[in-house]
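Reviewing the structure listed below.
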Amino acid sequence: MIARYTRPRMGQIWTDANKYSKWLAVETTASEVLAEAGIVPVEAARAIRERGSQIDPAKLAERALEIEAEIRHDLIAFTTAVAEHVGPESRWFHYGLTSTDVVDTAQALQLKDASAIILEDLHELAAALKRRALEFKHTPIVGRTHGVHAEPTTFGLKLLGWYAEVTRNITRFEAAVEQIRIGKLSGAVGTFGHLKPEHEERICERLGLQPAPVATQVIQRDRHAHYISALAIITATLDKIATEVRHLQRTEVREAEEYFSPKQKGSSAMPHKRNPITCEQISGLARVVRANAQTAYENVALWHERDISHSSAERVIFPDSTILTDYLLAKTTNLIDKMFVYPERMLKNLESTGGLIFSGQLLLDLAESGMLREDAYRLVQSHAMNAWQNDLVFKDLVAADPTITSRLSPEKLAAAFDFKRQLSNVDAIFDRVIKD
């Protein structure tokens with residue numbers, strides 16, 4: 001991923017230096033466990049630990065890449081580079097392992113670290129959404145379906161819906177993180193031809209991983225597809241939020257907008273412009289993560305016990321997806337925290353159709369008065385269409401119709417056009433979602 005979208009903590013996880021450090025951590029832990037089992041000499045495991053810890057990760061990466069350019073095998077290049085520092089005891093380095101034992105297990109460690117950052121980001125976004133939902137809990141705004149005014153709602157409920165979705169994303173992601181927290185040291189085709197299952201269990205335990213119950217040469221990629229899918233759903237939620245804010249920022253709506261700093265410029269040609277560039281960036285980059293999910297699905301099917309068609313793709317989709325998710329979560333949290341909200345404009349838009357949005361309540365009140373629903377619908381719709389097509393005030397048309405006023409008193413008619421009546425259950429909805 002390009003530096004423009006990479007935050008430092010997440011970017012560090014996917015550096016070559018950190019990757020080789022994780023490989024070395026797996027190899028060193030394996031050597032120590034095998035030494036305890038009497039398979040590797042204790043002094044060899046000690047040398048691997050002590051001399052390996054003295055290697056500068058950046059220089060190890062540089063040397064390994066230099067060797068790989070010649071031999072065209074990254075793991076062997078790595079073991080060769082480490083052996084140059086460890087010395088004669090390096091003959092016990094990588095003992096009984098195959099390349100993917102190290103690569104897949106180390107990748108799980110990288111994903112574990114990346115996931116911890118993303119979970120922090122998710123909780124920060126949830127907190128921002130919760131705070132602003134409570135802030136605008138009872139701020140009326142027109143609800144829209146199909147992009148058309150429907151019935152009243154509150155801006156707090158809009159934010160509450162996003163908050164609830166983010167909490168579901170946290171639950172989904174936590175499950176995906178647990179499924180990816182898997183190590184594998186079972187050999188070339190997963191049969192423990194050179195080590196034993198208990199060795200794998202002890203190595204994984206020390207690394208903070210669970211052993212794969214069964215594997216081929218690789219950990220099955222359905223786990224990885226699940227993980228990337230969880231990231232894709234998270235970023236789809238962020239796209240949803242950004243798209244709505246973009247709609248609210250349209251000139252004709254102008255009910256909310258993303259933060260625009262005093263020195264910011266929106267257009268090289270039009271000084272008046274305040275474009276929703278953050279929202280558009282969120283929507284655009286979310287597409288990349290969703291596209292990566294398709295690649296993760298394609299990686300599930302491999303030839304026999306393993307091929308490497310997944311490997312090159314994963315060098316792209318795991319760094320890019322975690323880096324982008326981290327970046328987009330931070331962007332969205334900032335968007336929500338600093339978003340300008342205009343309650344007066346919300347109320348103005350709610351009232352802009354002259355009461356048309358209360359047609360459903362009027363229909364129900366007429367039915368309750370004894371009018372057949374079909375008759376009430378035709379009557380209310382005729383006034384609604386007249387008001388719509390001729391730019392008239394629906395409420396005034398209704399108040400002048402004796403068929404309606406003979407059934408509904410002035411008090412009942414006024415109640416039909418009172419948005420507070422339809423928003424009386426807002427507190428109950430909040431209580432369902434926010435438990436503390």
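Solvent-accessible surface of segment 250-331, averaged per residue with a 1.4 angstrom probe and all protein chains in place: 56 square angstrom. For segment 1-131, the alpha carbon positions stretch 60, 35, 24 Å along the principal axes, listed from largest to smallest. Spatially, segment 381-432 and segment 305-341 are offset by 47 Å when compared through their Cα centroids. If you build a Gaussian network model of the chain, linking Cα atoms that sit under 10 Å apart, which residue out of Arg373, Arg202, Arg131 swings the most? Comparing Arg373, Arg202, Arg131 in the GNM, the peak value goes to Arg373. With protein chains left intact and a 1.4 Å probe, residues in segment 26-176 average 43 Å² of accessible area per residue.
When only Cα pairs under 8 Å and 6 or more residues apart are kept, what is the percent relative contact order across segment 287-395?
Numbers: 48 pairs, mean separation 21.8, N = 109.
Relative contact order, segment 287-395: 20 percent.
For Ser424, what is the net charge nearby, where nearby means another residue's Cβ is under 14 Å from its Cβ and Lys, Arg count +1, Asp, Glu -1?
Cβ neighbours under 14 Å give a net charge of -1.
Of the complete DSSP H runs in the chain, none spans 27 angstrom or more by Cα along the long axis with a mean Kyte-Doolittle score not below 1.6. A simple spin-label model places pseudo-atoms 7 Å from Cα toward Cβ; at Arg254 and Arg91 they are separated by 8.2 nm. For segment 5-143, the relative contact order is 29 percent, taking Cα pairs closer than 8 Å that sit 6 or more residues apart in sequence and dividing their mean separation by the residue count. Calculated on the alpha-carbon coordinates, the convex hull of the chain measures out at 202 cubic angstrom per residue. Over segment 111-245, the reciprocal of the mean inverse Cα-Cα separation, the Kirkwood hydrodynamic radius, stands at 17.7 Å. Amide H to amide H, with H built 1.01 Å from N, Gln210 comes under 5 Å of Ile182, Gly183, counting only residues 5 or more places away or on other chains.
The charge dipole of the chain, taken about its Cα centre with unit charges on the Cβ atoms of Lys, Arg (+1), Asp and Glu (-1) only, comes to about 1040 debye. Could you state the number of Å between the C-alpha centres of segment 79-110 and segment 126-163? What the calculation gives is 54 Å, centre to centre.
Here the relative contact order of the chain, from alpha carbon pairs under 8 Å that lie six or more residues apart, stands at 16 percent. What share of Cα pairs, in percent, lie more than 17 angstrom apart in segment 367-436? When all Cα pairs of segment 367-436 are counted, 56 percent exceed 17 Å. Solvent-accessible area of the chain (1.4 angstrom probe, protein heavy atoms only): carbon and sulfur portion equals 52 percent. Placing unit charges on each Cβ (+1 for Lys and Arg, -1 for Asp and Glu) gives segment 134-206 a dipole about its Cα centre, and among Phe173, Cys204, Gly147 the Cα reaching farthest toward its positive end belongs to Gly147. If the Kirkwood radius is taken over C-alpha pairs of segment 344-388, then at 10 °C and 1.306 mPa s the Stokes-Einstein diffusion coefficient equals 141 µm²/s.
The values are calculated or read from the model by the stated rules, or taken from the named source; none is laboratory data. Only a predicted model underlies this, so the values are computations on that prediction, with no experimental measurement involved. Positions of Cβ are backbone-derived with ideal geometry, glycine not excepted, and every protein chain shown enters the neighbour counts. With ligands, DNA and RNA removed, areas are computed over all heavy atoms of the protein, side chains included. Shrake-Rupley method; radii C 1.70, N 1.55, O 1.52, S 1.80 Å.
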